[in-house]
Amino acid sequence: QVQLVESGGGLVQPGGSLRLSCAASGSIFSIYAMGWYRQAPGKQRELVARIVGGGSTGVAVSVRGRFTISRDNAKNAVYLQMNSLKPEDTAVYYCNTGPAIAKYWGQGTQVTVSS
């Protein structure tokens with residue numbers, strides 16, 4: 001049974017930084033690409049960043065140059081470094097495989113960017 005647990009969210013001022021972590025139980029990392037997703041109030045969940053097993057990454061245009069995804073296969077962990085945060089980055093952030101598998105959605109971690 002795979003579980004994904006997100007952490008690292010919080011309240012930050014515009015221009016600030018946060019680093020999100022996703023810890024996974026189960027041996028999915030060596031098999032799947034992983035992604036960070038977010039869902040803002042009243043909006044659909046969207047893919048923010050994705051990383052494949054070999055380390056190649058991709059990020060959404062809206063966060064390009066500000067967000068960086070990374071993974072540590074030995075620790076079964078994936079990270080999202082978020083810099084230069086904007087109010088529009090406010091959302092619940094989730095990790096999942098990329099593409100997402102419905103049964104792997106966790107609780108997410110809230111990121112609020114506000115002065």
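The values are calculated or read from the model by the stated rules, or taken from the named source; none is laboratory data. Here the structure is a predicted model, which is why all the values come from computation and not from measurement. Counting neighbours? That spans all protein chains shown, and the Cβs are built from the backbone with ideal geometry, glycine included. Side chains included, ligands, DNA and RNA excluded: accessible areas come from the protein's heavy atoms. Shrake-Rupley method; radii C 1.70, N 1.55, O 1.52, S 1.80 Å.
Tabulated results
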{"item": "Residue satisfying all of: in the range 13-22; in contact with a strand residue (DSSP E or B) (Cβ under 7 Å, 6 or more places away or on another chain) and open to solvent by 20 Å² or more (accessible area, probe 1.4 Å); nearest to Asp89 (Cα to Cα) among these", "result": "Pro14"}
{"item": "Scope the range 69-93; condition outside any loop (DSSP other than H, G, I, E, B) and open to solvent by less than 30 Å² (accessible area, probe 1.4 Å); matching residues", "result": "Ile69, Ala77, Val78, Leu80, Met82, Asp89, Ala91, Tyr93"}
{"item": "Odd one out for Ile28, checked against (1) open to solvent by less than 40 Å² (accessible area, probe 1.4 Å); (2) closer than 21 Å to Gly8 by Cα; (3) modelled with pLDDT under 95", "result": "(2)"}
{"item": "Out of Tyr32, Tyr37, sole residue that is within 17 Å of Lys103 (Cα to Cα) and outside any strand (DSSP E or B)", "result": "Tyr32"}
{"item": "So Arg66, is it at pLDDT 95 or above, open to solvent by 20 Å² or more (accessible area, probe 1.4 Å) and closer than 16 Å to Thr109 by Cα", "result": "no"}
{"item": "Scope the range 95-115; condition in contact with a Lys or Arg (Cβ under 7 Å, 6 or more places away or on another chain) and at pLDDT 95 or above; matching residues", "result": "Val113"}
